[in-house]
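What follows is a short report on a single structure.
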Amino acid sequence: MEANKLSAIPIGLGETQGNSVLANCQTSTFNPDSFRRSRTEKSQWESRNRMFILGMGFVGQFFANELKKKQNWIVSGTCKSLIKKKELEGRGFDVHLFDANDPQLEILNTLKSYTHLLVSIPPLVGDGDPMLQHGQHLRTTLMDGSLRWLCYLSSTSVYGHSDGAWADEDCPTSPISESAKLRLVAEEGWLNLAYDLGVSAHVFRLGGIYGPGRSALDTIIKQKPLSNGQKMRLSTQYTSRVHVEDICQALDASIYRPSSRKIYNIVDDDPSPREEVFAYARTLVEKKWPSRLKQSVSPERAESLSQEITSRGEKRVSNAHMKNELGVRLLHPSFRSGLLSIFNQMENPFP
Ligand SMILES: NC(=O)c1ccc[n+]([C@@H]2O[C@H](COP(=O)([O-])OP(=O)(O)OC[C@H]3O[C@@H](n4cnc5c(N)ncnc54)[C@H](OP(=O)(O)O)[C@@H]3O)[C@@H](O)[C@H]2O)c1
């Protein structure tokens, strides 16, 4: 049991590389210094909060960085490929390989020595949530582990259509797409698991996520053609979105307000048409770097697209519970302040 915990300790407690407890355990000759050091590291490990992030994607990496700035956190996570693992390790992260299409379930033993678990891997179409597929194994393994907080990142897509009405967490869900249906099943699965384990559980229904390196500004600057999904979303009247910094604020707040089975919408105050977001982003870029952009989708073109493409679920997602119960004060209540802050930190992308 204790050995399991030791073998899961990230090298250098996730901050510096090289003085691994695992390495000490594997030393064949007895060395009192390394023995003393491993005991010290073990007690350091046990005295600190330990976050495991299943899926070190955009949000996962951003949140891991935020936690690393704090004193008392050890952070580890997963990604699918060796290339990405090396890249993330180069940036100081402790990373494990985990690909749900070829799952290595040793990851469960690793997981059990962490106090906090953020689940950021989306459900796989056809298969559902990759970890919950091993629900019983997960439950048994974590039952005698250290976990005390769990958050599952879901999506506002679970609400489906509501003709522009406001949707809060008490509104009935009505997912339309296959992935939204799987989201709902996964939400329930993670909440049930957390209940059985007796740990704090939150589900965050996220709006469209944007932040540095992933925003309308980046799409415009890179002058990429719009994907079908983007074209479809151009035609919607209301799209909920949230800046990644505000997701991190909400995660932080939920850690310090433990509760069971709480679901929160994590969105900004300003559900607006994507077309408006792109127009604003374009204005920012053109003002600073005039004549560097080719013509892209204009509002007129967007309008014709909206006639070509059947409109999607129109809903305005309410963030009142997030504000009132988690006490989150949005850094970016609207896409305008969010995009402006990203823009102000941008190096010249047209050297
Ligand atoms: N993007 C949005 O606007 C939006 C809106 C609402 C909800 N969400 C959901 O919120 C969560 C966080 O969003 P995000 O934008 O940070 O996601 P993201 O950047 O796409 O990251 C997803 C993470 O899950 C991992 N992953 C994906 N498929 C996997 C599989 N088959 N096996 C193992 N790992 C797998 C990815 O691994 P790699 O790192 O190796 O790629 C990545 O680390 C995701 O569940 C996302 O679907 C996103």
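The values are calculated or read from the model by the stated rules, or taken from the named source; none is laboratory data. Here the structure is a predicted model, which is why all the values come from computation and not from measurement. Note that we place each Cβ from the backbone using ideal geometry, even for glycine, and neighbour counts take in every protein chain shown.
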Residue match in the stretch 201-211 (condition: under 22 Å from SER260 (Cα atoms) and either away from the ligand (no atom under 14 Å from the Cβ) or of a type in the set (Asp, Glu) (or both)): yes
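Residues are listed down the side, and each one gets a yes or a no for (1) assigned to a strand (DSSP E or B); (2) in contact (Cβ under 8 Å) with a residue 60 or more places away in the chain; (3) within 12 Å of the ligand (Cβ to nearest atom):
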residue: PHE52; (1), (2), (3): yes, yes, no
residue: PHE62; (1), (2), (3): no, yes, yes
residue: GLU66; (1), (2), (3): no, yes, no
residue: SER76; (1), (2), (3): yes, yes, no
residue: LYS84; (1), (2), (3): no, no, yes
residue: HIS96; (1), (2), (3): yes, no, yes
With the structure loaded, tell me whether THR141 is among the hydroxyl-bearing types (Ser, Thr, Tyr), under 30 Å from GLN237 (Cβ atoms) and away from the ligand (no atom under 11 Å from the Cβ) or whether it fails that test. no
Screening PRO103, PRO122, PRO130 for residues that are modelled with pLDDT of 90 or more, surrounded by fewer than 19 Cβ atoms within 10 Å (Cβ to Cβ), within 13 Å of the ligand (Cβ to nearest atom) and not in a helix (DSSP H, G or I) leaves only PRO122
For LEU117, the lone unmet condition from (1) in contact (Cβ under 8 Å) with a residue 24 or more places away in the chain; (2) within 9 Å of the ligand (Cβ to nearest atom) is (2)
Can LEU108 be described as in contact (Cβ under 8 Å) with a residue 12 or more places away in the chain and within 10 Å of the ligand (Cβ to nearest atom)? no
Condition check: assigned to a loop (DSSP other than H, G, I, E, B), more than 12 Å from the ligand (Cβ to nearest atom), surrounded by fewer than 21 Cβ atoms within 10 Å (Cβ to Cβ) and more than 17 Å from the chain's Cα centre (by Cα). Does GLY92 satisfy that? yes
Members of the stretch 134-153 found to be polar (S, T, N, Q) and closer than 15 Å to GLU106 by Cα, listed by number: GLN136, THR140, THR141
Looking at the stretch 219-269, which of its residues are at pLDDT 95 or above and assigned to a strand (DSSP E or B)? ARG241, VAL242, HIS243, LYS262, ILE263, TYR264, ASN265, ILE266
